[in-house]
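Read the structure below first, then the notes.
The values are calculated or read from the model by the stated rules, or taken from the named source; none is laboratory data. Everything quoted here is computed from the prediction, not taken from an experiment. Note that each Cβ is placed from the backbone with ideal geometry, even for glycine, and that neighbours are counted across all protein chains shown.
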Protein chains: 2
Amino acid sequence: MFKLCVLIIVMSIDKKEHIMDVAVALFAEKGYEGTSIRDLAHEADVNIAMINYYFGSKEKLFVALLESKARYMREKIDAVQNDASLTELEKLNQIIDGYVNRFLSQPAFHRVLQQELLVTNREILHQNVIELFTKNTQDVVSIIEKGVRKKIFKKVDPPLLFASIIGTINQVMLSRSICNILMNKAPGTDPYQDPELKKRITQHIKQLVQDHLSIQPALQKQK
Amino acid sequence: MFKLCVLIIVMSIDKKEHIMDVAVALFAEKGYEGTSIRDLAHEADVNIAMINYYFGSKEKLFVALLESKARYMREKIDAVQNDASLTELEKLNQIIDGYVNRFLSQPAFHRVLQQELLVTNREILHQNVIELFTKNTQDVVSIIEKGVRKKIFKKVDPPLLFASIIGTINQVMLSRSICNILMNKAPGTDPYQDPELKKRITQHIKQLVQDHLSIQPALQKQK
DNA sequence: TTGAATTAAACAAACGTTTAATTAATTTTT
DNA sequence: AAAAATTAATTAAACGTTTGTTTAATTCAA
């Protein structure tokens, strides 16, 4: 009896956030168009009208969702970039850690973002996601470029190297089934729960990036 | 007058294929759920009922679409794998060429595939796409593994290296806007038309893979 | 004349959104 | 502090569209 009371209070304090949590999960599974307000209301255990009451419309709910969940990586990259004590390679490694941690800990939200990048006709939503991406890209690219200028790194294609970093994680996150295939796990299990996965991905990307960037002593001598 | 006649004949011969072409374009832009049969019928300039007449249902249209367009990479990988005259690195390079060519020449179809991987609740469609992916993954992974066993390659994480290859291309294909940002092009242009892009991606991935796999003489000596 | 291709119209179901009524909570007045 | 007034939260029902699909009639080709 008492427990039930507490539950109700907690729910009503941030019902908005509760709806948003359910929305991320449903959008991730069924897509934005594939998720109906009725589905959402039923799953979140609220009245259908409450969603428009709180957010105004389905589209505005989506935008609210983006804004509340997307600040993290922006701040992380900013912090790393302004840390003068780090070498360019260390910066990259920290950014890789950041992305892997972030993406793997919020697979549903991440899936929603990816979907919105692929579907171009919902322009407002699409544009919102693009903006999120642009600044991060430019920052990471400029770190790589700086390393190349300093001749700490080999001459590479910075934007495409960033694409490889993000793309590797995205590929693993593309679908549970594909991740299970890649990771040699039994189909049906949730691979993103496994802490081993995070370690493996981080290690692989860091090694890949380092191999690609590092100036080989042998090659230097030959010149 | 004569020209019009020919056009009509051609259209009626493979009207099915015409519908499928329009479907790919619309699905890519608006998503599967976001594309209505009416949109599709209007865009393809056929009656609404014709789509169900030809394909049975919207879902069956989608499956037909997959089956007609997805054989290519399968055959390409098969051919490369069975070519005994190639080293493992050459095989990988040819597969990279294959994927880049394929993905960049059919960006719309590729987008549709990606969408279906991200949305898990349309199980029949999802499963169809997964199956396409599984065999290719296993083949490429086994090529890398063979190279590692032969000690031609460094000890790496083969499934994740495959994820990096595909993931890099996918990242570039994720959205026109993102590709323009990555490639430093003016927003609004279609980057996939540019032949330079294909060359740049291929080069980058090949270099990335080679750096990651190659056993460095310097390191060998140290041992 | 038979069978396939094509059409406009209608189908029920589901969609996002709005309404108007009711309950709950908060503030103001007594 | 109690009652009244006001605002906010919540509800069920209905709104007009749009959805995928089907029908029954018609046109076309063999």
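Checked against (1) under 30 Å from A:Asn93 (Cα atoms); (2) away from chain B (no Cβ under 14 Å); (3) part of a helix (DSSP H, G or I), A:Tyr54 meets all criteria but (1).
Counting the residues of segment B:106-127 that are more than 8 Å from chain A (Cβ to nearest Cβ), more than 17 Å from A:Lys30 (Cβ to Cβ) and in a helix (DSSP H, G or I) gives 5.
Yes/no per residue for (1) at pLDDT 95 or above; (2) within 13 Å of DNA strand C (Cβ to nearest atom); (3) not in a loop (DSSP other than H, G, I, E, B):
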site	(1), (2), (3)
B:Cys5	no, no, yes
B:Ile9	no, yes, yes
B:Ser12	no, yes, yes
B:Lys16	no, yes, yes
B:Val22	yes, no, yes
B:Leu26	yes, no, yes
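The set of residues from segment A:74-105 being of a type outside the set (Gly, Ala, Ser), outside any helix (DSSP H, G or I) and free of Cβ contacts under 8 Å to residues at least 60 places away in the same chain comprises A:Asn82, A:Asp83, A:Leu86. Just one of the listed residues (B:Tyr72, B:Tyr53) is among the hydroxyl-bearing types (Ser, Thr, Tyr) and within 15 Å of DNA strand C (Cβ to nearest atom), and it is B:Tyr53. Checking each residue in segment B:57-68 for being part of a helix (DSSP H, G or I), exposed (fewer than 15 other Cβ atoms within 10 Å of the Cβ) and within 16 Å of DNA strand D (Cβ to nearest atom) picks out B:Glu59, B:Lys60. Cβ separations smaller than 6 Å between residues 6+ apart or across chains give the following pairs from segment A:34-50 residues that are of a type outside the set (A, V, I, L, M, F, W, C) to residues that are assigned to a loop (DSSP other than H, G, I, E, B): A:Gly34/B:Glu33. With the structure loaded, tell me whether A:Val141 is within 18 Å of A:Met73 (Cα to Cα) and more than 8 Å from chain B (Cβ to nearest Cβ) or whether it fails that test. Yes, satisfied.
Within segment B:7-17, not a single residue is aliphatic (A, V, I, L, M) and within 14 Å of chain A (Cβ to nearest Cβ).
Scan (1) in contact with a His (Cβ under 9 Å, 6 or more places away or on another chain); (2) surrounded by fewer than 17 Cβ atoms within 10 Å (Cβ to Cβ); (3) not aromatic (Phe, Trp, Tyr) for the single condition A:Leu160 breaks and write down its number. All conditions pass for A:Leu160, except number (2).
Within segment B:149-161, residues that are at the interface with chain A (Cβ under 7 Å from one of its Cβ atoms) sit with their Cβ atoms under 8 Å from residues that are assigned to a helix (DSSP H, G or I) and not β-branched (Val, Ile, Thr), at 6+ positions apart or across chains, in these pairs: B:Asp157/A:Arg200; B:Asp157/A:Gln203; B:Asp157/A:His204; B:Pro159/A:Leu182; B:Leu160/A:Leu182; B:Leu160/A:Arg200; B:Leu160/A:His204. For segment B:173-188, does any single residue satisfy the condition of being out of contact with any Phe, Trp or Tyr (no Cβ under 9 Å at 6 or more places or on another chain) and hydroxyl-bearing (Ser, Thr, Tyr)? Checked against the condition, which is being out of contact with any Phe, Trp or Tyr (no Cβ under 9 Å at 6 or more places or on another chain) and hydroxyl-bearing (Ser, Thr, Tyr), segment B:173-188 yields no hits at all.
Residue-level check: of (1) within 8 Å of chain B (Cβ to nearest Cβ); (2) at pLDDT 95 or above; (3) in a loop (DSSP other than H, G, I, E, B), A:His212 misses just (3). Return yes when B:Ala64 is within 16 Å of DNA strand C (Cβ to nearest atom) and more than 14 Å from chain A (Cβ to nearest Cβ) and no when it is not. So B:Ala64 passes the test. The set of residues in segment B:166-200 being over 15 Å from A:Thr120 (Cβ atoms) and either more than 9 Å from chain A (Cβ to nearest Cβ) or at pLDDT below 90 (or both) consists of B:Leu182, B:Met183, B:Asn184, B:Lys185, B:Ala186, B:Gln193, B:Asp194, B:Pro195, B:Glu196, B:Leu197, B:Lys198, B:Lys199. For segment B:41-53, filtering for residues that are surrounded by fewer than 13 Cβ atoms within 10 Å (Cβ to Cβ) and near DNA strand D (Cβ under 6 Å from one of its atoms) leaves 1. Only a single criterion out of (1) out of contact with any Gly (no Cβ under 9 Å at 6 or more places or on another chain); (2) surrounded by fewer than 20 Cβ atoms within 10 Å (Cβ to Cβ) is not satisfied by A:Asn180, namely (1). The residue list B:Arg71, B:Arg38, B:Arg111 contains one member that is on the phi < 0 side of the Ramachandran plot and either polar (S, T, N, Q) or near DNA strand D (Cβ under 10 Å from one of its atoms) (or both), which is B:Arg38.
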